[in-house]
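Engineer: Sharing a structure, written as structure tokens. Questions coming.
The values are calculated or read from the model by the stated rules, or taken from the named source; none is laboratory data. If you're wondering where the values come from, they're calculated on a predicted model, not measured in any experiment. Reconstructed Cβ throughout: ideal geometry from the backbone, glycine too, with neighbour counts over all protein chains shown.
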Amino acid sequence: MEGLPEASRHALLLLLSGDYELWTTIAISFSVSLKAIVLTAPVALVLAFVLAHTRFPGRRVLISVFHTLLAMPAVVVGLTLYLLLSRSGPFGDLKLLFSQTAMMIGQIILCFPILVAMGHSAIQAADRRAWETAVTLGAGPGRAMLTLMHEVRFGLMAALLAGFGRIIAEVGCSMMVGGNILHYTRNITTAIALETTKGEFAQGIALGLVLLVLALLLNFSLAMLQGKGVMVS
């Protein structure tokens with residue numbers, strides 16, 4: 001077992017040398033999470049707009065549900081999907097268990113309430129005159145919605161970054177429905193868990209550094225967006 005200094009040096013060497021197994025794991029993680037956020041964003045943000053600008057029975061309850069789901073444990077989502085996609089489950093015939101598609105579905109479920117809740121807050125805080133002006137100038141509902149979303153684009157981008165940060169760093173769901181298969185469903189977090197249990201800390205540290213750098217970049221981006229939002233307002 002390597003000591004911390006030796007493991008850290010080995011981790012940097014793995015990153016800088018372009019280690020195939022390490023960078024394949026990183027690529028899988030980013031590929032699945034980016035696809036999940038891209039597929040989720042349009043539906044979630046439109047729903048956020050509807051919740052902010054329409055009134056219907058059960059609206060407040062629905063908003064409360066989405067805010068409650070912000071704290072939904074990833075392992076609960078993984079367990080539920082596992083039971084649904086397993087051979088004895090209702091969707092077992094689709095044969096999606098232990099696949100990147102199953103991981104993507106789990107991540108979509110995890111980031112959907114984040115995008116809806118944060119998107120709703122951003123849109124609700126927008127100046128309603130932007131919507132009224134767009135409608136007055138003859139814009140249809142779709143164009144007026146895009147105009148309003150453009151006004152709160154920094155808040156919506158913050159929601160997207162928060163959602164992406166949530167799903168790329170989760171481990172419970174990916175482990176349960178992905179199966180941690182080398183070069184196929186093994187992502188950053190599941191690889192860290194595996195290597196740590198094996199006592200091989202170098203790869204775990206290397207992957208942890210990738211997540212740390214990503215977290216710093218996301219937080220820096222959020223800070224920049226908030227600063228720009230202040231200037232625009």
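Engineer: Residue check, residue 42 against (1) over 28 Å from residue 143 (Cβ atoms); (2) of a type outside the set (Lys, Arg); (3) loosely packed, with under 13 Cβ neighbours inside 10 Å, all met but one. Which one?
Structural biologist: (1)
Engineer: Also, I was wondering about something else. Just to confirm my filter: which helices (runs of 4 or more DSSP H) fall fully inside the range 15-98 and include at least 1 residues that are more than 20 Å from the chain's Cα centre (by Cα) and modelled with pLDDT under 95?
Structural biologist: Output list reads 20-53, 59-68.
Engineer: What are the residue pairs meeting all of these: first residue in the range 48-63, first residue among the hydrophobic types (A, V, I, L, M, F, W, C), second residue surrounded by 13 or more Cβ atoms within 10 Å (Cβ to Cβ) and not in a helix (DSSP H, G or I), Cβ atoms under 9 Å, and 6 or more apart or on different chains?
Structural biologist: So the pair list comes out as 52/126.
Engineer: Quick one: would you say residue 9 is assigned to a loop (DSSP other than H, G, I, E, B) and charged (D, E, K, R)?
Structural biologist: no
Engineer: Also, I was wondering about something else. Just one of 26, 108 is under 22 Å from residue 149 (Cβ atoms), in contact with a helix residue (DSSP H, G or I) (Cβ under 8 Å, 6 or more places away or on another chain), β-branched (Val, Ile, Thr) and surrounded by 16 or more Cβ atoms within 10 Å (Cβ to Cβ); which is it?
Structural biologist: 108 is the lone residue from the list that is under 22 Å from residue 149 (Cβ atoms), in contact with a helix residue (DSSP H, G or I) (Cβ under 8 Å, 6 or more places away or on another chain), β-branched (Val, Ile, Thr) and surrounded by 16 or more Cβ atoms within 10 Å (Cβ to Cβ).
Engineer: Given the options 85, 81, name the one that is crowded, with 16+ Cβ neighbours inside 10 Å, of a type in the set (A, V, I, L, M) and in contact with a Phe, Trp or Tyr (Cβ under 6 Å, 6 or more places away or on another chain).
Structural biologist: Of 85, 81, the one residue that is crowded, with 16+ Cβ neighbours inside 10 Å, of a type in the set (A, V, I, L, M) and in contact with a Phe, Trp or Tyr (Cβ under 6 Å, 6 or more places away or on another chain) is 85.
Engineer: Filter the range 3-17 down to the residues that are farther than 13 Å from residue 200 by Cβ and surrounded by 16 or more Cβ atoms within 10 Å (Cβ to Cβ) and list them by number.
Structural biologist: Within the range 3-17, 8, 15 meet the criteria.
Engineer: From the list 193, 126, 202, exactly one residue is in contact (Cβ under 8 Å) with a residue 12 or more places away in the chain, in a loop (DSSP other than H, G, I, E, B) and of a type in the set (A, V, I, L, M). Which is it?
Structural biologist: 126
Engineer: Can you pull out every residue in the range 127-153 that is among the hydrophobic types (A, V, I, L, M, F, W, C) and surrounded by fewer than 20 Cβ atoms within 10 Å (Cβ to Cβ)?
Structural biologist: Passing the criteria: 130, 135, 137, 139, 145, 146.
Engineer: Related question: Check residue 180 against each of (1) in a helix (DSSP H, G or I); (2) modelled with pLDDT of 90 or more; (3) farther than 26 Å from residue 5 by Cα; (4) not hydroxyl-bearing (Ser, Thr, Tyr) and name the one condition it does not meet.
Structural biologist: (1)
Engineer: Could you tell me which residue of the range 166-180 is farthest from residue 122 (Cα to Cα), considering only residues that are buried (at least 21 other Cβ atoms within 10 Å of the Cβ) and within 12 Å of the chain's Cα centre (by Cα)?
Structural biologist: Top of the filtered list is 170.
Engineer: Return the residues of the range 1-47 that are aromatic (Phe, Trp, Tyr) and without any contact (Cβ under 8 Å) to a residue 12 or more places away in the chain; say none if nothing qualifies.
Structural biologist: Once the filter is applied, which keeps residues that are aromatic (Phe, Trp, Tyr) and without any contact (Cβ under 8 Å) to a residue 12 or more places away in the chain, the range 1-47 yields 20, 23.
Engineer: What do you reckon, is residue 174 under 16 Å from residue 190 (Cα atoms), hydroxyl-bearing (Ser, Thr, Tyr) and in a helix (DSSP H, G or I)?
Structural biologist: yes
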